[in-house]
Amino acid sequence: PKGCDYFAAKGDCDADVHCVWDAAASTCKDRVCAQFRDERCCDKDPICKWDATTAPAVCSQKKCPAIQKQPKCDEQSDCMWNSTTNKCVDLDCSKFPDMCPCNQHDKCYWKPGAGFAGTGACVAIEFGECPTLDIVLVLDGSGSMSAKFGNHPHGFDALMEMMRDWIETLPLNGEDASVGINSKKDNGGVRVGIVQFSGQNYWRSEARRTPGGVGTGGRLSGTLQQLEDDVDWHEDNYMGDGTMIEEGLTMAADMFHASPVDGRQRVLFIFTDGQI
């Protein structure tokens, strides 16, 4: 294949996922993941992935986008060939609209009755038997969460990195946060809400969720972009005071008020370095 320096025009350069246009030099260069020093910037690049298994964590190239040929792509159980772009991408079971292509992948499972139409949907096999879920994540934003955690120099940032990765794996139902209590009954998908708690001067409980106009606007959502915006906002607005959970739980309960009484289950996760 041609190298990125083959492209003389920005449009042609930008069309190749392995290339990036250098505006200052007016040249097309190979995209280098190692240039990204934090997970947020790393994960916004379609061929890069944050690797926290090393010390310190680094931004490295994803396996699937590096594969150029379809036969090689098809050999990888965690990759799939995008016939529209003619590129190898990470496996996304939700992209299979029918049972047969879904079940050809051992990491995918056809879930009868799921999906907006109720006719079935393809999900990652680990979520195959999960019911419809509304999940609220209650995150400890206290000062002690800034301490080193594993290979991460900042514990709260590490938590946010984990949240980004985990949310990407969920079978989100695709519903915008504005749907609220009108969420489609039992479509087998997931919505998520995020709350951060801390406490002023160690005696008054406080909690935060994204304000209106940012991400979910502090509501349950089944869309990846809204939830990624929420995670970014919480990372930028780390509270860093005492460990007071009361308001966090009150805010989580308020989110569940927008969870309809149908067959779905409501799940609360609390992430803290303190004692409950």
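The values are calculated or read from the model by the stated rules, or taken from the named source; none is laboratory data. Because the structure is a prediction, the values reported are computed rather than measured. Backbone-built Cβ (ideal geometry, glycine too); neighbour counts: all protein chains shown. Keep in mind that these areas ignore ligands, DNA and RNA; they rest on the heavy atoms of the full protein, side chains included. Shrake-Rupley method; radii C 1.70, N 1.55, O 1.52, S 1.80 Å.
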List every residue pair whose Cβ atoms lie under 6 Å apart, where the two residues are 6 or more positions apart in sequence or sit on different chains, the first residue falls within the range 247-263 and is over 10 Å from G180 (Cα atoms), and the second residue, located anywhere, is surrounded by 13 or more Cβ atoms within 10 Å (Cβ to Cβ) and small (G, A, S).
E247/S205; E247/A207; G248/A207; M251/A207
Conditions: (1) of a type outside the set (K, R); (2) under 20 Å from I135 (Cβ atoms); (3) open to solvent by less than 70 Å² (accessible area, probe 1.4 Å). G242 meets all but one. Number of the miss?
(2)
Pick out the one residue from G193, G189, G199 that is within 18 Å of T132 (Cβ to Cβ), modelled with pLDDT under 95, crowded, with 22+ Cβ neighbours inside 10 Å and of a type outside the set (S, T, N, Q).
G189
Please go through the range 55-96 and pick out each residue that is over 20 Å from the mean Cα position of the chain (by Cα), buried (at least 16 other Cβ atoms within 10 Å of the Cβ) and in a loop (DSSP other than H, G, I, E, B).
I67
Regarding the range 228-236, can at least one residue be identified that is touching a strand residue (DSSP E or B) at 6+ places or on another chain (Cβ under 9 Å), closer than 17 Å to T169 by Cα and open to solvent by less than 50 Å² (accessible area, probe 1.4 Å)?
yes
Out of contact with any Lys or Arg (no Cβ under 9 Å at 6 or more places or on another chain), touching a residue at least 12 places away in the same chain (Cβ under 8 Å), within 25 Å of T216 (Cβ to Cβ) and hydrophobic (A, V, I, L, M, F, W, C) - does that describe any residue in the range 107-117?
yes
For the range 128-170, which residues satisfy the criterion of being open to solvent by 30 Å² or more (accessible area, probe 1.4 Å), farther than 23 Å from D229 by Cβ and not hydroxyl-bearing (S, T, Y)?
E129, C130, P131, A147, K148, F149, G150, N151, P153
Please specify each residue of the range 21-52 satisfying the condition of being open to solvent by less than 50 Å² (accessible area, probe 1.4 Å), under 29 Å from the mean Cα position of the chain (by Cα) and free of Cβ contacts under 8 Å to residues at least 60 places away in the same chain.
D22, C33, F36, C42, D45, I47, C48, D51
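Table: residues versus (1) over 30 Å from G199 (Cβ atoms); (2) in a helix (DSSP H, G or I); (3) modelled with pLDDT of 90 or more.
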{"residue": "A117", "(1), (2), (3)": "yes, no, no"}
{"residue": "V123", "(1), (2), (3)": "yes, no, no"}
{"residue": "I135", "(1), (2), (3)": "no, no, yes"}
{"residue": "L139", "(1), (2), (3)": "no, no, yes"}
{"residue": "S178", "(1), (2), (3)": "yes, yes, yes"}
{"residue": "K185", "(1), (2), (3)": "yes, no, no"}
